[in-house]
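Contents: one structure, followed by commentary.
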Amino acid sequence: MATIYYGSVINPKTLTDYDALPRCLIAVTATGNIDWIVEDVVDSMVQETIAQHGLTDDTCVVTLKPGEFIMPGFIDTHTHAVQVPNLGIGGEFELLDWLNNYTFPTESRFESVDYAKRSYPDIVRRVINSGTTTCCYYGSLHLTATKVLADVVHEYGQRAFVGRCNMNWHGHSPDYYVEKDADESMENTVKIIDHIRSLPHSSAGEPLVHPILTPRFAMSCTPDLLVRLGEYAAEDQGLVIQTHISENKAEVEKTLELFKCDSYAGVYDRYKLLRHNTILGHGVHLTEHEMRLIHKRGAGVSHCPTSNFYLSSGMARVGMLLDHGVKVGLGTDVAGGYSPSILSAIQHASIASKMLAIQDPSGEKCSHGHHGHHGHGEHCQQGAAEHHEHGGHEHGGHGHGGHHNIGEFTNQKLSIATLLYLATLGGAELCCLKDRIGSFKEGKAFDALLVSIRDETGNPAIWGFNPGRDVDGHTSHEIPRDPLKEGLERFLFCGDDRNIRRVIVQGKVIGGQELKL
Ligand code: GUN
Ligand code: FE
């Protein structure tokens with residue numbers, strides 16, 4: 001059945017701009033694609049506008065209430081489904097000790113297919129109800145458990161990438177949780193990819209769940225396995241790749257030593273794993289040299305600030321990545337991150353950017369000709385020069401669509417428009433689905449959230465809309481503000497699952513408070 005939504009809509013446009021449309025009509029086809037959009041329609045013209053587009057009998061019109069709005073669903077570009085059981089524990093450690101003490105023991109439980117079958121439905125349900133319509137999942141190293149994860153995601157109707165971890169380097173993973181050898185790792189990689197590609201397609205005739213090549217991180221894979229993964233990927237250019245990079249200082253040092261390489265990005269590049277569809281988790285300690293290489297290859301970074309704070313990893317220089325033309329999305333990195341919600345990632349991305357701005361009291365930006373003091377022993381305008389030479393469009397659409405001046409973001413606070421972009425369109429760009437999701441446009445998939453900040457949602461953190469209290473004709477002396485933009489900001493900073501009435505993927509309601517009723 002086709003559906004038409006009428007009411008407030010938030011639509012991201014670029015890194016610095018979004019539309020807040022209080023009276024928008026969006027029509028969605030029975031297959032879940034956006035049929036048409038009329039951005040500003042007064043109440044009295046709604047029926048006529050719909051009629052002009054040819055209303056079929058089988059159309060449901062949903063009129064939003066005051067305090068409700070529709071926005072694109074969140075895209076979580078880096079999370080570990082298998083680590084959800086560890087949410088909120090282990091924050092006393094840094095990365096390498098945390099992996100050994102908390103993460104590997106928990107992941108090894110998924111050797112039991114029965115445990116996977118009991119756990120993954122609850123895990124995926126939580127992620128969906130947090131408002132994530134597209135999710136890049138890491139599973140465990142187990143083939144069968146990861147098939148179960150893909151099957152559950154598919155059954156629940158979420159858009160996703162599901163990866164089985166490659167990790168065969170004995171000594172760098174514990175004996176009880178490591179693949180036998182590179183042969184076994186490759187065999188199971190082919191099997192999980194084939195399994196995921198055999199799942200039925202969506203109503204729009206395309207896959208909703210995609211495979212993703214997942215070498216866990218450089219030091220978990222032997223060089224001969226990395227060679228084979230790179231060769232395998234070269235034969236399949238559309239296969240998206242995810243891995244971790246430069247998250248923690250001790251990890252970086254160990255990696256450079258093991259691979260005798262002078263940069264972490266250089267290790268992945270050596271094995272042909274750095275390319276247009278590589279999603280690099282974290283990137284906290286990337287140098288500008290690496291940023292230029294990542295941009296040149298068209299790869300992008302999943303910024304996971306909740307995890308980076310929780311595991312004391314540091315603060316990724318997101319503004320500088322953007323100024324280098326690198327694609328950036330947000331990731332929860334459960335359970336390095338203690339929340340499965342992209343809302344937490346948004347809040348922490350904002351806070352991290354403010355801390356970076358404070359740490360650079362000169363306030364000078366990375367800009368043409370006059371670079372400020374960066375305190376990283378590097379000259380930012382080298383990046384700017386490179387950026388000019390290789391301009392974002394030279395790589396066939398790599399690099400974010402938001403046109404901006406060089407130096408616009410480095411060490412600056414991220415605005416609401418930028419945060420919204422990273423959580424939606426930026427994520428879509430990172431996983432190479434920008435022509436399908438991330439914003440509302442005719443022909444794109446309708447992957448959306450129906451958000452409510454009305455008091456009746458029961459979230460005491462939000463000063464929500466309450467008609468009995470707020471509508472009395474009193475003229476306020478406050479500066480006039482846009483109530484819809486304020487509503488978005490309140491939701492991003494104070495909202496939670498209670499404010500998400502519907503989670504919609506490919507036009508279909510797959511989660512949210514309404515589905516629970
Ligand atoms: N590096 C290698 N494995 C992991 C993981 O599971 N989580 C995080 N945050 N970093 C990693
Ligand atoms: Fe991670």
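Using the Cα centre of the chain as the reference point, and only Cβ charges (+1 on K/R, -1 on D/E), how large is the resulting charge dipole? Debye, rounded to the nearest 20.
Here the size comes out at about 340 debye.
Considering only DSSP beta bridges with both partners in the chain, what is the antiparallel share in %, to the nearest 5?
40
So how do I479, I294 rank on accessible area, 1.4 Å probe, biggest first, that is with the largest at the start?
Of I479, I294, the descending order of accessible area is I479, I294.
If you count, for each residue, the other Cβ atoms within 10 Å and average over each peptide, how do 177-185, 232-240, 266-274 line up from highest to lowest?
Result, highest mean first: 266-274, 177-185, 232-240.
Rank-order 254-263, 6-15 by packing density, defined as the average count of other C-beta atoms within 10 Å over each peptide's residues, highest first.
Those peptides, ordered most packed to least, come out 6-15, 254-263.
Which net charge results when you count Lys and Arg as +1 and Asp and Glu as -1 among the other residues whose beta-carbon is under 14 Å from that of I479?
Taking every other residue near I479 into account, the sum is -1.
Can you give the relative contact order of the chain as a percent, counting alpha carbon pairs under 8 Å and 6+ residues apart?
20
Quick check: net charge around T132, other residues with Cβ under 12 Å of its Cβ, Lys/Arg +1 and Asp/Glu -1?
Summing Lys/Arg as +1 and Asp/Glu as -1 gives 0.
Please tell me the relative contact order of the stretch 157-285 in percent, rounded to the nearest whole number, where contacts are Cα pairs under 8 Å and at least six residues apart.
Normalised by residue count, the contact order of the stretch 157-285 is 25 percent.
Per-residue ellipticity at 222 nm for the chain, helices alone: DSSP H runs ≥ 4 residues times -39500 (n - 2.57), over residue total, nearest 500 deg cm²/dmol?
-10000 deg cm²/dmol
Can you give me the accessible area per residue for the chain, using a 1.4 Å probe, in Å²?
Result: 39 Å² per residue.
Please calculate the 1.4 Å probe accessible area of I123, with all protein chains present, and give it to the nearest 10 Å².
Rounded to the nearest 10, the figure is 10 Å².
Which order do W463, W169 take by accessible area at a 1.4 Å probe, largest first?
W463, W169
By how many nm would the segment from Q359 to S44 grow when fully extended, if each residue of separation counts as 0.36 nm and the alpha-carbon distance is taken off?
So the chain would gain 108.1 nm between Q359 and S44.
Count the DSSP beta bridges whose two residues both fall in the stretch 1-133, then state the antiparallel fraction as a percent rounded to the nearest 5.
Among the beta bridges of the stretch 1-133, antiparallel pairing accounts for roughly 65 percent.
I need the GluC sites (Glu not before Pro) found in the stretch 415-464, filtered to DSSP loop residues with at most 13 other beta carbons within 10 Å of theirs.
E442
Taking a 30 Å limit on the Cα-Cα distance, which of the listed pairs K191/K441; K117/K508; K249/K272; K65/K354; K13/K516 fall beyond it?
K191/K441; K65/K354; K13/K516
Using DSSP to call loops (not H, G, I, E or B), can you name the GluC sites (Glu not before Pro) in the stretch 1-72 whose Cβ has at most 15 other Cβ atoms within 10 angstrom?
Answer by residue number: E39.
Averaged over all directions, how much area does the convex hull of the C-alpha atoms of the chain cover when projected, in nm²?
24.8
Taking the Cβ-Cβ separation of L258 and E478 as r and a Förster radius of 60 Å, what is the calculated FRET efficiency to the nearest 0.05?
That gives a FRET efficiency of 0.55.
Please enumerate, by chain and number, the aspartates and glutamates with C-alpha under 16 Å from the C-alpha of K327, excluding those fewer than 8 residues away in the same chain.
Partners within reach: D76, E288, E290, E386, E394, E408, E429, D435.
Expressed as a whole number of Å, what is the distance separating the alpha-carbon centroids of the stretch 94-158 and the stretch 14-93?
What the calculation gives is 27 Å, centre to centre.
Of Q359, L280, G511, which is farthest on the positive side of the dipole of the chain, counting Cα position, with +1 on Lys and Arg Cβ, -1 on Asp and Glu Cβ, and the Cα centre as origin?
Farthest towards the positive end: G511.
What does the accessible area of E231 come to, in Å² to the nearest 10, when a probe of 1.4 Å is used?
Rounded to the nearest 10, that gives 110 Å².
From largest accessible area down, sort F440, F493; use a 1.4 Å probe on the protein chains.
So the residues, ranked largest to smallest area, are F493, F440.
Could you tell me which helices of the chain pass both thresholds, a Cα extent of 18 Å or more along their own axis and a mean Kyte-Doolittle hydropathy of at least -0.5, with helices taken as whole DSSP H runs?
Correct list, ordered by number: 143-156, 342-359.
Would you tally the net charge around E247, using a Cβ to Cβ cut-off of less than 11 Å, leaving E247 out, and scoring K and R as +1, D and E as -1?
Local charge sum for E247: -2.
Roughly speaking, to the nearest percent, how much of the stretch 74-430's 1.4 Å accessible area is carbon and sulfur?
50
Sorted by mean Cβ packing within 10 Å, highest first, what order do the peptides 144-151, 445-452, 201-208, 98-105 take?
For the peptides 144-151, 445-452, 201-208, 98-105, the packing ranking is 445-452, 144-151, 98-105, 201-208.
The values are calculated or read from the model by the stated rules, or taken from the named source; none is laboratory data. Keep in mind that this is a model prediction, so the values were computed, not measured. Backbone-built Cβ (ideal geometry, glycine too); neighbour counts: all protein chains shown. These accessible areas exclude ligands, DNA and RNA; they are computed on the full protein's heavy atoms, side chains included. Shrake-Rupley method; radii C 1.70, N 1.55, O 1.52, S 1.80 Å.
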